[in-house]
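Reading through the structure tokens given below for one structure.
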Amino acid sequence: MMLLFKPSLTLGRRIKPRPCQSFSESLLMDSIEAAETLTRKWISPDLSSSSSCSLSSIFSTDNRVEGRRFVEVINSLQYAIQGVVLVNPESPKLTRAHNLVTIAMKQLEKEFYRILKSNRRNLDPESVSVRSSPSFNARNKVSIYSQVPKSEEADVMTDLKMIADCMISSGYENECIKIYKKIRGSIMAEALSNLGFENLSFGKIQKLDWDSMEKNLKKWLEATKVLITNLFEGERILSDHVFSPSVSVAESCFTEITLDSALTLFIFPVSVAQCKKTVEKIFLTLDIYQTISQLMPQIEEIFSYDSTTAVRLQAADSLNNLGEEINSMVAEFEASITKESSKTPIRGGSVHQLTRYVMNFIVFLADYHECLAGVLTESTLPLPEDYFGNNDEDNNEGETGSSSTVTTRIAWLILVLLCKIDTKSRMYNDMALSYLFLANNLHYVISKVRTSNLRVVLGDEWVTNHEGKVTQYLEKYEKIAWGEVITSLFDSNEEMLEEHVAKERLMRFNEGFEEAFQKQSEWVVPDSKLRDDLKDSVTEKLTIVTTSFYEKYHVENWEEVKFAPEDLDNYLSDLFLGTGRSCIIVPSLKQSDSGRSLKDSESGR
């Protein structure tokens, strides 16, 4: 190995019969004298033995310049030794020189150990990673520093590199590597311990309850981000820098310090995913998948050595396994919707608990739509052609195959839910209530889509299409629930009815109104806007027919009049609240200033 520091030639020396030998030995003698001077000063006054008793640390902050000078002198001595060995391997000066090198190496071993040990904070992997700015050369798999940190850390890293270069070139590679692996390995172990990540066997994982498993997975998520982006990266930067002349040495050190921890890190989440497969684990599993996926470029860069191929393969294998588990959990979730077997109709036709549970789940799922694009497989059954509306192709224009898969898969899950809700609507004996139930549930689904990332996934066309279906359900509800009441007063014939016939029709209206109100008094529309819109629609239709009838027959003096058109909104104000209240009817307009039927408000009487 060529050394970086070569002594300057001494001019004016007398040329002897063997100039090469004389020059080399002269150079060696100069190097011996320089080395002995520094050795006596910093290591031991007695150079008669190879043992050293350091008088002071050569590489302390105050002595750093002298320490580096000492390394340069030893490098020069090594260079001079090599020159003499080539021309006069029997030179007696070599023994003296080798003795000096031995003393120097023992001292440098101590200095290397001391610097690594005493600078744990400066050389903390996270600090190294944050302060340094390496860019890994993918072809040569070595670090190229675009910026050297201007700090105590930089001085320490420079000192370590100089000592490592000197020891390795002097044949003390094993001693240097042993010290480095020991100290850096203990620092890595301490860092892992501080992160709180616990390596559990598959058997222990199977015995964990969900709360304990969730805590362990959250610790894993926190630990992984720190380990990859800071600790492992920092360790790679440091080893590449300290052992930059020798890629094999840097690789050996980095691999031994990080390999086991890295493999354990990526095996753990797969072990968790493979045991106790429950739908509830999908979101933590997605967090894990997303974390590994986002860190993969760094993982491949940091563990680019041949000896760390296992880490890259394990990380990729973990992604594949987690992806399979996620698809399995989505399929299980779909099956759970289909298998839901409750037989009791929801009171008042309100939103079914299945709808709430499924939509809350899918809303959370949509938050991972970018991650899911690389994971989900399409449903085996096709969606209806008009499921996204008339402009399905335009709506999905520009989508990639993976994002289209997410859209299709989530749309399919919602369709499975709506089919299940349609089945449950048949539990109601009253068709009007059945349609109100369908409208409530579909409106709830749409509101969840509109106010979440589901709108991004499914698109506005999906929302518009399904809002149209809600309108259809409500129109069918109105027709069945209020159709007969409305038509009882509707008269398309312009001819006047006889008074007694008109009065009979008015009484049928009163009876129909009371019956419809009483029947629907326990029905529910939980969404306030939908409730108000529906009441306004019913009130408007009733007001139109009653006003027309009352004006045509001048019913002011009829005893049969019970409901004044202008008060219909008051009569219906409690509708769809599920109060179960009925109407108390004032007999006629003559007996009431307002002519209105009064709602029975027991709490107010």
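Heavy-atom accessible surface of the range 175-315, averaged per residue, reaches 40 Å², computed with a 1.4 Å probe. Positive end of the dipole of the range 175-315 (Cβ unit charges, origin at the Cα centre): among SER239, PRO297, LEU195, the Cα lying farthest that way belongs to LEU195.
Our note on the geometry: Cα centres of the range 327-376 and the range 508-532, 31 Å apart. The HN-Hα couplings worked out from phi for the range 196-206 by the Karplus form 6.51 cos²θ - 1.76 cosθ + 1.60 (θ = phi - 60°) are x, 7, 10, 7, 9, 6, 4, x, 5, 4, 5 Hz, whole numbers, x standing for Gly and Pro. Simple spin-label estimate for ALA335 and PHE490 gives 5.1 nm between the two label positions (7 Å along the Cα-to-Cβ direction from each Cα). Between ASN320 and LYS218, the modelled labels are 3.3 nm apart [label points 7 Å from Cα along Cα→Cβ]. What the phi angles of the range 536-548 give under the Karplus curve with 6.51, -1.76 and 1.60, with θ = phi - 60°, is a coupling list of 4, 5, 5, 4, 4, 5, 5, 5, 4, 6, 5, 4, 4 Hz, glycine and proline written as x. Net charge dipole, the range 175-315: roughly 400 debye, given to the nearest 20, about the Cα centre with Cβ charges of +1 for Lys and Arg and -1 for Asp and Glu. The share of accessible area on the range 199-245 that comes from carbon and sulfur is 48 percent, using a 1.4 angstrom probe. Pairs of lysine residues in the range 175-315 that meet both criteria, 8 or more places apart or on different chains and Cα atoms under 22 Å apart, total 23. Tell me whether the range 292-362 comes out rounded, prolate or oblate; compute the Cα gyration tensor, take square roots of the eigenvalues as a ≥ b ≥ c, and use a/c under 1.5 as the rounded threshold. Prolate, since a/c reaches 1.5 and a/b exceeds b/c.
Take 474-484, 525-535 and order them by the average number of nearby Cβ atoms within 10 Å per residue, most first; the result is 474-484, 525-535.
Using the alpha carbons alone, the radius of gyration of the range 175-315 stands to its Kirkwood radius in an Rg to Rh ratio of 1.01.
Each residue of the range 429-442 was assigned a 3J(HN,Hα) from its phi angle through the Karplus expression (A = 6.51, B = -1.76, C = 1.60, θ = phi - 60°), giving 6, 8, 5, 4, 5, 4, 6, 5, 4, 4, 5, 4, 6, 5 Hz with x at Gly and Pro.
The values are calculated or read from the model by the stated rules, or taken from the named source; none is laboratory data. Bear in mind that the values here come from a model prediction, so they are computed numbers and not experimental data. Here the Cβ is made from the backbone with ideal geometry for all residues, glycine too, and neighbour counts use every protein chain on show. Protein only, heavy atoms only, side chains kept; ligands, DNA and RNA dropped before computing areas. Shrake-Rupley method; radii C 1.70, N 1.55, O 1.52, S 1.80 Å.
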